Amino acid sequence: MSLQRGYEGHARPARLLRAHARLVDEHLCAAWQMLAMPPGLALVAVGGYGRGELYPKSDIDLLILLPGEPGAALRQRLQKLVGLLWDLGLEAGHSIRTVAQCVAESADVTVRTNLLEARLITGARPLFGEMRDTLARCMDRRAFYLAKQKEQEQRHARFLEADTNLEPNLKESPGGLRDLHSVLWISRAAGLGNTWRELAAAGLITAQEAIAIARHEALLQTLRIRLHYLAGRREDRLLFDYQAAVAEQMEIAGAKESRNNKLDNYGCAGGMRCKAPGAPHGHSMQAAGNAATRPSARPECSSYCFSTPKGARRASEHLMKRFYRTRQAVLLLNAVLLQNLRARLFPEAGMTNPLNARFVTRDTLLETRDEMLFEREPEAILECFLLLAQHPRLTGFSASTLRALWRARRKMDAAFRRNAGNRALFLEILRQPQGITHTLRRMNQLGILGRYLPAFGRVVGQMQYDLFHVYTVDEHILMVVRNLRRLNLAAHAHEHPLCSKLIHDFARPEVLYIAGLFHDIAKGRGGDHSALGRADAARFCKAHGLRPEDAELVAWLVEHHLTLSATAQKQDLSDQDVIAAFAAKIPNDRYLVALYLLTVADICGTSPKVWNAWKSKLLEDLFRATRRYMMGGKSADQVGDIRARAREILNLYAMDPEAHEMLWAQLDAEYFLRHEPDEIAWHTRLLARRANSATPVVKVRLSRIGEGLQVMVYCPDQPYLFARICAFFERMRYNIMEAKIHTTQHGYALDSFLVMGTGHTEMAYRDVMNFIEYELAQKLGGQEALPTPQSGRVSRQLKHFPIAPEVRIEADEKGRFMMSVVAGDRPGLLARIAYVLARHHINLRSAKINTLGSRAEDTFHINGASLAQPSAVALLREELLRQIA
């Protein structure tokens, strides 16, 4: 506790880590002496503890070094030592080895890395020196470099899952502490230095870069220390549970940023205090060791710092923005150092080939002929990215070019952005047939994209606490552009066949990429980000000389990028008035195609878990229906056409031509308009001879969209029927995605559901289908009491970022009512809504259940006599709010 109190006073992470290691050293030495361990043994700290960095709740890694194989007496004393350590409350991971065994075990790169940082705590110093010298002689520096590089690549791939993106692992995730450790391990093994200052002295980085990297390391250490104290255990994930508390401890306020601050370099506000020696603008300076750790420190300005955009946000958002920008800087510095280390360890010059007057290729890397090229000719900055996109065999930049680009980005000022040549180069990058996504991501990593598009620079590292975007705003934007590019690639045509066909025939697809870049670029400013983004996009298009028709399309797409999704997922697409109203917003077919492509790319870019076959079908249905309408394809007898197509399908099953008449006589026009011919034919085949069945009929089939199950329920109508069905599926842990509720003219309920599993069942589909058919029929046919809706636990994310529930009940021009509900998703939510509707005698026509991560956005088309009374509507709304809160 004294260490923690001291840390709260000085807030210097390195000081705490060293003090904690020293304190544990003292306890270990006391235990060693208490047991009078033989003088020929050595107690050695390895791993992070050996490095002298011991986090508050981390375990300690120990090596007990022996001069030879231990006898029985020594084994017993060693067991007592280990037991005593646990009695003292020290969580020790230990190994007992001889020097020869250490050398043999060091063939494993993890063991070799641990031993690389070995530090003698107490015992035989000559034995420890023998081990260290022997390991140094056995060290293959090149092999170690390659092993650590491969290890880092595998670790990055493992942590690229979206689930870890907003709750990053401070130690292991890309841009975390482990990326810094990897560099120091390699440099230590190569004899090039053990600290950032020593690496600067060796010429691997500049002194300013050493200060910057120390500052970023200090911020990561600070976050990890505070996380350990808050969690009370070893916790390296910056979970939602702790983000607000960490921000509060660091006194990061959720206040609005000053609107008078002008942005420099990579959007760093000139009015902010800068702590870095040698920082630009003549800001006040302090030693790097204090910069990231003082609780009152605001975002700092340095060669490797980033901006905070304007707008009122949570303190946790400001905290996470600092983390994401630190992560980005660490990734860049890691890349620079690894390339420089590789050049030292593999000095053989690669094959150099001239590319043009300014650039050469060295093996698979692009390199400038002159390291001062970008300073002298800034227009070469965008040219090098264009070359990277034009030559697929190039995998990146050489270390010297990487650092030159980072330094020269300051040249990208307003005059640079106004230069016609630079504008042409940027557009040419977007027009390349390949490499666009990788190029834009490299530009973002180096701060180039944010310098060229300042509005983009303001959203770099900006979190989205909407519980369904799992990427920061800049990552989401680039993911959308990447998705648009994938639609154009034959290798991915199977993912979205219709989209691939449409984009193949789409002239000048760069307009889509520009719309993707700008569609969310105004998030966080306050106000309607679509309208604000439209203004940004229009200025960009005008400045870059796009054709007037293309400029208008880009601006329109940015403004309306949510329209198709909202219509498809909330409106009744069987209603021709809905299609007509949507089509009225679309100027022509090119606009419709572009909006459809952008919408698919946008939804797929929010989270890998948001897109599903049901959303795909909704969007495609709206697209096709709108296209038919715009081409004059509205039928004079739409119901007759649907009936005819359903009869054609029935004929394939050799049904009696008259068999359907008894059932169809009980179905009105609305039923045929709201169901597809294939679905009507399925219902008819099942019910033609059971139209007056007294017992419930429940049938299930695999959904025709390729995911989920279609369920038909047919029975005499009864109170709370929809509520019972919802409760049944929620207990099965199946989600109802869509419900079509219809009451026949002779009082039967003919309801259709699309349901999808949550992935937690191990039952085969056929078993699930049989279970639903039997159990649901039994529950609907019996006299069981109405089950109480489940009240499942609120998700961890929802607990910390609650969603204010919303209920809107509105009537259209025809007097039909639509109810939209927004709430935090939880088990039993839909059943609770269904119970309230039934209690208020509200009939459900159809429902679309849209779950976005932990956010539910459900739409219900309803009717009932009480809806004509404003007081009754108000009571319904109040009870719904109580139930979903």
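Taking K615 as the anchor, which aspartates and glutamates have their alpha carbon closer than 12 Å to its alpha carbon, excluding any fewer than eight residues away along the same chain? Within the straight-line limit of under 12 Å, K615 reaches these aspartates and glutamates: E707, E738. Ellipsoid semi-axes for region 655-807, based on the Cα gyration tensor and the rule √(5λ), read 30, 17, 16 Å when sorted largest first. To the nearest 0.05, how large is the calculated FRET efficiency for A865 and N651 if R₀ is 51 Å and r is the Cβ-Cβ distance? Calculated transfer efficiency: 0.75.
Listed cross-link partners K617/K799; K740/K814; K570/K699 are compared with a 28 Å cut-off, the Cα-Cα value being larger for K617/K799. A convex hull fitted around the alpha carbon atoms of region 34-154 yields 114 Å³ per residue. Farthest toward the positive end of the dipole of the chain, out of N651, M630, H216, is the Cα of H216, where the dipole comes from beta carbon charges about the Cα centre. Counted over all Cα-Cα pairs of region 648-740, pairs farther apart than 21 Å make up 38 percent. Per-residue ellipticity at 222 nm, computed for the chain from helices alone with -39500 (n - 2.57) per DSSP H run of at least four residues, works out to -15500 deg cm²/dmol. Sites listed here are trypsin sites (Lys or Arg not before Pro) in region 533-611 whose DSSP assignment is loop and whose Cβ has at most 14 other Cβ atoms within 10 Å: K609. The chymotrypsin sites (Phe, Trp or Tyr not before Pro) of region 649-706 meeting both criteria, a DSSP state outside H, G, I, E and B (loop) and at most 16 other C-beta atoms within 10 angstrom of the site's C-beta, are Y653.
Taking the accessible area of the chain, probe 1.4 Å, and keeping the other protein chains in place, the carbon and sulfur fraction comes to 51%. What the phi angles of region 450-464 give under the Karplus curve with 6.51, -1.76 and 1.60, with θ = phi - 60°, is a coupling list of x, 6, 6, 10, x, 5, 5, x, 6, 9, 5, x, 7, 6, 10 Hz, glycine and proline written as x. For region 151-253, compute the orientation-averaged projected area of the C-alpha convex hull (one quarter of its surface), in nm². Computed as one quarter of the Cα hull surface, the answer is 7.7 nm².
To the nearest ten degrees, helix 141-158 and the longest principal axis of the Cα atoms of the chain are 20 degrees apart. Accessible surface calculations at 1.4 Å, restricted to protein heavy atoms, place the chain at 42 Å² per residue.
Approximating the spin labels as points 7 Å out from Cα along Cα→Cβ, the N770-to-N692 distance works out to 3.3 nm. For the chain, the average shadow cast by the Cα convex hull is 44.0 nm², which is a quarter of the hull's surface. Annotation: amide H of A92 within the under-5 Å range of I60, sequence separation 5 or more or interchain, hydrogens built in the peptide plane. For a label point 7 angstrom out from the Cα of E26 toward its Cβ, which stretches of region 222-238 have the backbone nitrogen within less than 11 Å? Zone members listed by number: none at all. Quotient of the Cα radius of gyration of region 1-101 and 2.2 N^0.38 Å, N being its number of residues: 1.18. Among the GluC sites (Glu not before Pro) in region 51-112, those located in a DSSP loop and surrounded by at most 15 other Cβ atoms within 10 Å of their own Cβ are E91. Within the P(r) computed for region 311-447, what percentage of the Cα pairs occupies the region above 26 Å? Percent of Cα pairs beyond 26 Å in region 311-447: 28. Residues in region 846-867, backbone N under 12 Å from the label point at E806 (7 Å along the Cα-to-beta-carbon vector): list them, ranges by number please. Within reach of a label on E806: 856-858. Across region 410-483, Cα-Cα distances exceeding 18 Å account for 44% of all pairs. Here the gap between A136 and T206, fully extended at 0.36 nm per residue and compared with their Cα-Cα distance, gives a gain of 22.4 nm.
Computed extension length for R233-A669: 150.6 nm, one decimal, from 0.36 nm per residue of separation with the Cα-Cα distance subtracted.
Residue separation of H492 and R731 scaled by 0.36 nm, minus their Cα-Cα distance, works out to 82.3 nm of gained length.
The values are calculated or read from the model by the stated rules, or taken from the named source; none is laboratory data. Please read these numbers as outputs of a predicted model, since none were measured by experiment. Backbone-built Cβ (ideal geometry, glycine too); neighbour counts: all protein chains shown. Please note that ligands, DNA and RNA were not included when accessible areas were found on the heavy atoms of the full protein model with its side chains. Shrake-Rupley method; radii C 1.70, N 1.55, O 1.52, S 1.80 Å.
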